[in-house]
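Nothing in this text is a laboratory measurement; each read-out follows from the coordinates by a stated rule. The shown structure was predicted, so the numbers you read here are calculated from the model rather than taken from an experiment. Glycine gets a Cβ as well: all are built from the backbone with ideal geometry, and neighbour counts include every protein chain shown.
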Amino acid sequence: MHDIRSIRDNPQAFDAALARRGLDGMSAQILDLDKQKRELQTEAESLRAERKRLSACFGQLAGQGQGHTEEALSFKTASVDVAQKLSDVESRLEAHQDLEDLLAAIPNLPAADVPEGADEHANVEVSRWGTPRNFDFAPQDHADFGPALGLDFESAAAMSGARFAALRGGMARLHRALAQFMLDTQTGQNGYEEVNPPLLVRDATLYGTGQLPKFEDDLFWTTKRFSKSELADKFYSDFVRKVGEGWDMEKMRNFFKDQAEETFKEIPDPIDRLWLIPTAEVSLTNLVREQIVADATLPLRFTALTPCFRSEAGSAGRDTRGFIRQHQFEKVELVSICRPEDSAAEHEHMLTSAEGILQALGLPYRKMLLCTGDMGFSAAKTYDLEVWLPSQNCYREISSVSNCGEFQARRMNARYRPEGEKGTRFLHTLNGSGLAVGRTLVAVLENYQQADGSVIVPEILAPYMGGIKQLTPR
RNA sequence: GGAGAGGUGGCAGAGUGGUCGAAUGCGCCGCACUCGAAAUGCGGUUUACGGGCAACCGUAACGUGGGUUCGAAUCCCACCCUCUCCGCCA
C-alpha cells in the first residue's frame, strides 16, 4: 500500500518509479480522486457537526420536558434536514472507495539500486559460488532416474492429477532430511525463531502480504463451513420470498438470472472462505499484523517449514515434467521484521542464511539481482539464488529473498514505537526462502547422481539419514 | 456440533438512549514534599483522518458490519472472537 501523502508531496517521483516497473503514471488520477474524496469528507464532517449541534439542542429541551414545544420541533426538523443532506454526501463518499482499491492494486516501488528491465533477461548476476561438476557420463534429468529411487509421479497423478508427486522410501527420507537440516541451521546458527503457523488464512491476511486482491488465480481456497443444503435452503426461501407461490414464468426467469449472480457473489464469501497459503511468508509476516511491536524486540526473525500450495494458473506448460513445479511443495521460509534503518542489513543476513544451506550441501549456485520487471508485487528489491541443474545445463531459481520496505506493513498496519519518539512508525518486512525443499531435492539428485542411476547423499545430511548413504534404484 | 456468559482506553473495571472519548483504580510521565527513597499530594497520559504557518479546530473510533432514532458504548439483526459446561475427534 502506498502512502497517499508521499504521492501528494511528489507525484513526479511516484510516476517515475512506476515507469521503471513498466507502468503508466497514475498520480494524476490518484490525486484527482484524493482531492474529490477530501472535499466530500470535509463536507460530511461539517454536516455531522451541524447535526450533532441541532440534536443536542433538541435533546436539552426534551430533557426538560419541552420536547413538544415549537422551538424543540424546529430543531428536530432542521436536524432531519441535515441528516438527509449528510446521507447524500455519504453515499457519494462511498463511491470513493475506488481510491483505496486503486492504491491496493499498485505494486511496490523499486529501490533506487534495482536495475531497470522488462523481464528476467535484464537481471544482473552478482556472484557465483562453486563449480559445476564434470560428469564422465551424460547427466540425467531427475524426472527420468528419480522414479526408480522412489519419486513416484504416477501414483500421485492417479489420485490428485498432474503436478503432484509421492515420495517413497529413501527419497522421502532424503526430502525430510533436507528440511530438518535447513530448519536446524536457520534456528541454531542464524537466529531465526521456529514457528509452526496456520496454513489456512483469511482474505485480510493475504491482502496484508500483497497476494490479494490481484493474484487470487494463483491460489487455492476452501470453505470453512458451506454446504449444498444450506445453499438449497437459501435458494428455496429466496424463491418463495421474491416470486411468491404463483408460476409467473417471466418472474421466475428473472429470479434465476438475478439469483445466479447473487449466489456466485456469495459463494466465495470472505467470511466463510479460507485460503491455502502459497508460502509461509504469508503466515510469518502476518504474525505482527495490527500490532505495535516493542522496539527492543526488533528485529524479529521467524522461520517455518510448511507446505505451500499454488495453483500456478498462469504457468500451464512450464516445467510440466519433474518435481520443479508442483501444486504442493515444502519450503523453509525466512521472515524478518525490523526497523527501517536495519532492513538493508537484514536483507544481507537473510541472503547469507539461504546461501549457507547451498554451500553446506555443496551445490553450485549464482546470485542474481532482479530487475524492475521481474520483481514480485510487494518487493522493493529482490535477489534470487539459482542452483545449478546439470540436466538442464543451467541455473534454476531455488530461493528468492526480498526486502518489501514498509509496503506490507502498511497493508497490515504493523508498527513499532521508536525508542524516545512519541509516535509510531511502520516496520519493514523481508522474506526469503531458506530454501525450497522440493527444488533442493531435485538439485541434490541431479548433482549427486552416479552413472548407475544411484545418488550419493551429501555428507552434511548424515545425522538425518539414519545410516543411508546412497539411494539405489530398486 | 449443543447450551450459556462475555468483548469498553496500556491493564483492571463502571457505564442500558442526550456535552460519555467515556467514572474509578492500577500503571506510566512531570512537579511538589524528602539528604535520598518509599508513602503522600497536584497535574498530565488513546488513535486515525481532515482543516490551519501555528496555537488550535473539526470528525470518527466502546469486537466488526448493518439497522432503528432528531440523537447509539447503551436498543435490534448478522458476523468475528474469547471463556465455561456437554458432545465429537487426531
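Quick notes on this one:
- Pair A:Arg53, A:Ala172: separation of 7 Å Cα→Cβ label points (nm): 7.6 nm
- Sequence-distant residues sharing a close amide H with A:Gln449 (under 5 Å, placed H): none
- Helix A:70-94 axis, angle to chain A major axis (alpha carbon atoms, nearest 10°): 30 degrees
- Given charges at Cβ of Lys, Arg, Asp, Glu: chain A dipole, positive-most of A:Phe58, A:Ala177, A:Leu298: A:Ala177
- Cβ-based charge dipole, chain A, positive-most Cα from A:Gln36, A:Asn447, A:Ser79: A:Asn447
- Under 11 Å, Cβ to Cβ, from A:Glu346 - net charge with Lys/Arg +1 and Asp/Glu -1: -1
- Net +/- balance of residues flanking A:Ala179 in space, Cβ distance below 13 Å, scoring K and R +1, D and E -1: 0
- Charge tally for A:Ala118 (other residues, Cβ to Cβ under 12 Å; Lys, Arg +1; Asp, Glu -1): -2.
- Rounded to whole numbers, the Karplus 3J(HN,Hα) couplings from phi for the range A:37-46 are 5, 5, 4, 5, 5, 4, 4, 4, 5, 6 Hz, using 6.51 cos²θ - 1.76 cosθ + 1.60 with θ = phi - 60°, and x at Gly and Pro.
- Considering only chain A, percent of DSSP beta bridges that pair antiparallel, nearest 5: 90 percent
- Stokes-Einstein translational diffusion, chain A - Kirkwood Rh over all Cα pairs, 0.890 mPa s, 25 °C, in µm²/s: 93 µm²/s
- Applied to the range A:152-169, the Karplus parametrisation 6.51 cos²θ - 1.76 cosθ + 1.60 on θ = phi - 60° returns per-residue 3J(HN,Hα) values of 9, 7, 5, 4, 5, 4, 5, 9, 10, x, 5, 6, 10, 9, 10, 9, 10, x Hz, with x for Gly and Pro.
- Computed from phi, the 3J(HN,Hα) profile of the range A:398-408 under the Karplus parametrisation 6.51, -1.76, 1.60 (θ = phi - 60°) reads 10, 7, 9, 10, 10, 9, 9, x, 9, 4, 6 Hz, with x in place of Gly and Pro.
- Förster radius 30 Å - calculated FRET efficiency between A:Asp32 and A:Ala345 (Cβ-Cβ, nearest 0.05): 0.15
- Nonlocal amide H pairs with A:Ala380, under 5 Å, H built at 1.01 Å: A:Asn403, A:Cys404, A:Gly405
- In this structure, the amide hydrogen of A:Leu212, modeled 1.01 Å from its nitrogen in the peptide plane, lies closer than 5 angstrom to those of A:Tyr207, counting only residues at least 5 positions away or on a different chain.
- When peptides A:137-147, A:10-20, A:435-445, A:371-381 are sorted by average Cβ neighbour count within 10 Å, with the highest value leading, the order is A:435-445, A:371-381, A:137-147, A:10-20.
- Report summary: the helix-based calculation at 222 nm, which adds -39500 (n - 2.57) for every DSSP H run with n ≥ 4 and divides by the residues of chain A, gives -13500 deg cm²/dmol.
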